[in-house]
Amino acid sequence: MRYPALSSSFYQKNRANFAKQMKSKGLAVFTSNDIYPSSADGTLPFKQLSDIFYLTGVDQEETMLVLFPEAHNPAHREILFVRETNEHIAIWEGAKLSKAQATERTGIASIYWSQDFEKILHTVIGEAACLYLNSNEHSRASIEVETREMRLSKHVRAKYPHHAVERSAPIMHALRAVKDKEEIDQIQRAIDLTNQGLRRVMGMLKPGVMEYQIEAEFAHEFLSNGSRGFAYTPIVASGRNACVLHYIENDHACADGDVILLDVGAEYGGYNADMTRCLPVSGKFTQRQKDVYNAVLRVMKGATAFLKPGVMLAEYHSAVGEMMTKELVDLKLISADEVKNQNPAWPAYKKYFMHGTSHFLGLDVHDVGNWNKPIEVGNVFTVEPGIYILEENLGIRLENNIVITENGNRDLFANFPLEVEEIEALMAGQQ
Ligand code: GLY
Ligand code: MN
Ligand code: MN
């Protein structure tokens, strides 16, 4: 493994918290993701399904977990299935967890090979009153393939049609939205690597550099420090490209006088950073670029100050909308009249700031969490306002990650360059 695993007690605690939310005699089944084929005999890199990772720490394909807290036999209360390994398989396929290693990683005593899943499930399922099945209920997920999780659910429901079915997803969303210290430490490592990458880029950015060369600098920094790479496809968007919200081609040369928007984050140990910074290609912002930058920065600071326990996300987003409206009027991008006559369903500020300000962050970049519940201590959010002015070939977004604390929040980007003067000084090699 490239990173030190979290303690098995962390995963034990997560399973215990899940078990507490289950109905009497419930039995839950979780699975890993498939390894997805590309073409010929190629495959995409394996990405573990976040829920089973959260409950076990196992980062391997063909992993299944059964939780049955009230099973008569204590050995059936937690059962983990992992892909078979032995010395021969290890030579051909690389090392997979042995049963002893699986116990050490997860704190689960009952370990079987994956091919025993059907048989073992059948021996215990008769004792269960209901089955907890999981599926991707992220509100923005758009899924066209049948996932391993959905195949498993279909199979279990068809084979045991008389068991009542419950959903694991709402429980997982509630648990995963509140981060433990160990998780925040992992997110902080991902953020620190992202900061190192950014500083590296500040030392090489100049007119003529290709956007993909900047991407390569980040990749080098991440991969040489134990990360498996980018948390998401990086956006390295100079000039006008910054106004394309999901620009990922990264194939233009950076031009003198342009600002480059970098929406890049490292992954570390399964957790993610999600950063956006904007840098002047020449090392100095023009007055107009500074004005827009500082407008976004004020909104970011105002938004961050608003995030504390008890606040509703809808209330927060409308407060940020008001902050942004004021800035856009001051920048003369929208008029007071437009604001007065705006459609409340699509306020005037949306012309220049058309995306949301925050999302949950964690094992997934757009992490799971309940948007209709008051903000809680331990939630981790991005704060990412932006102003995109296509007619000026200028897009500015700034994105930090914060954790909610008892008294408000803590900015996990405390060591990042943010102010205009700081960025210009760093790029001039003065710091
Ligand atoms: N990088 C994805 C996002 O900012 O939400
Ligand atoms: Mn981002
Ligand atoms: Mn984001």
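No lab work stands behind these numbers, since they all come straight from the coordinates. The structure displayed is predicted, hence computed values, not measured ones. So basically every Cβ, Gly included, is an ideal-geometry build from the backbone, and we count neighbours across all protein chains shown.
Helical runs assigned H by DSSP (4 residues or longer) give the chain a calculated mean residue ellipticity at 222 nm of -11000 deg cm²/dmol, each run adding -39500 (n - 2.57) before division by the residue total. Mind jotting down the distance between the C-alpha centroids of segment 228-271 and segment 47-84, whole Å? Segment 47-84 and segment 228-271 have Cα centres separated by 37 Å. Residues Val165, Val259, Val145, arranged from fewest to most other Cβ atoms within 10 angstrom of their Cβ, appear as Val145, Val165, Val259. When both bridge partners sit in the chain, DSSP labels roughly 80% of those beta bridges antiparallel.
One chain, two ends: Met354 and Ser9. Fully extended at 0.36 nm per residue, the span grows by 120.0 nm beyond their Cα-Cα distance. The alpha carbon convex hull volume per residue for segment 204-297 rounds to 95 Å³. Panel order for Asp364, Asp291, by other beta carbons found within 10 Å of each beta carbon, from fewest to most: Asp291, Asp364.
With the cut-off at under 20 Å, measuring from each backbone N in segment 238-264 to a point 7 Å along the Cα-to-Cβ line of Gln213 picks out 238-242, 248-264.
If you wrap the Cα atoms of segment 261-412 in a convex hull and average its projected area over all directions, you get 9.7 nm². Taking trypsin sites (Lys or Arg not before Pro) across segment 128-208, the ones in a DSSP loop with at most 11 further Cβ atoms lying within 10 angstrom of their Cβ are Arg140. Pairwise over distinct Cα atoms, reciprocal of the mean inverse distance: report the Kirkwood radius of segment 234-343 in Å, one decimal place. Computed over Cα pairs of segment 234-343, the Kirkwood hydrodynamic radius comes out at 16.2 Å. Computed from the Cα positions only, the extents of segment 108-171 along the three principal axes stand at 37, 26, 23 Å, in decreasing order.
Remark: the Ala314-Glu87 segment gains 76.2 nm on full extension, using 0.36 nm per residue and subtracting the alpha carbon distance. Take every DSSP beta bridge whose two residues both sit in segment 1-157; close to 55 percent of them are antiparallel.
The calculated FRET efficiency for Asp251 paired with Asn225, based on their beta-carbon distance and R0 = 25 Å, is about 0.45.
Above 18 Å, the calculated P(r) of segment 1-115 contains 53 percent of its Cα-Cα pairs. Membrane-span-like helices of the chain, defined as complete DSSP H segments with a Cα extent of 24 Å or more along the helix axis and a mean Kyte hydropathy of at least 0.0, are absent.
Computed over the chain, relative contact order equals 14 percent, with contacts defined as Cα pairs under 8 Å that lie 6+ residues apart.
For a distance above 16 Å, tell me the whole-number percent of Cα pairs in segment 118-211 that qualify.
Of the Cα pairs, 73 percent sit more than 16 Å apart.
Listed by chain and number, the lysines whose C-alpha is less than 16 Å from the C-alpha of Lys181, apart from same-chain residues fewer than 8 away, are Lys13. Taking all Cα pairs closer than 8 Å and separated by 6 or more residues, the relative contact order of segment 71-218 comes to 18 percent.
Gyration tensor over the Cα atoms of segment 180-221: the corresponding equivalent ellipsoid has semi-axes (square roots of 5 times the eigenvalues, largest first) of 27, 9, 6 Å. Let me check I've understood the local charge: for Asp256, count other residues with C-beta under 11 angstrom from its C-beta, Lys and Arg +1, Asp and Glu -1. What total comes out? Within the 11 Å Cβ shell, the charges total +1. Note on segment 307-384: Lys pairs 8 or more places apart or on different chains, Cα atoms under 18 Å apart, count 9. Here the contact order of segment 301-431, divided by its residue count and restricted to Cα pairs under 8 Å and six or more residues apart, works out to 26 percent. Rg ratio for the chain: its Cα radius of gyration over 2.2 N^0.38 Å, N being its residue count, equals 1.09. Listing Met427, Met210, Met354, Met172 from fewest to most neighbouring C-beta atoms within 10 Å gives Met354, Met210, Met427, Met172. Annotation for segment 334-403 versus segment 1-29: alpha-carbon center distance of 33 Å.
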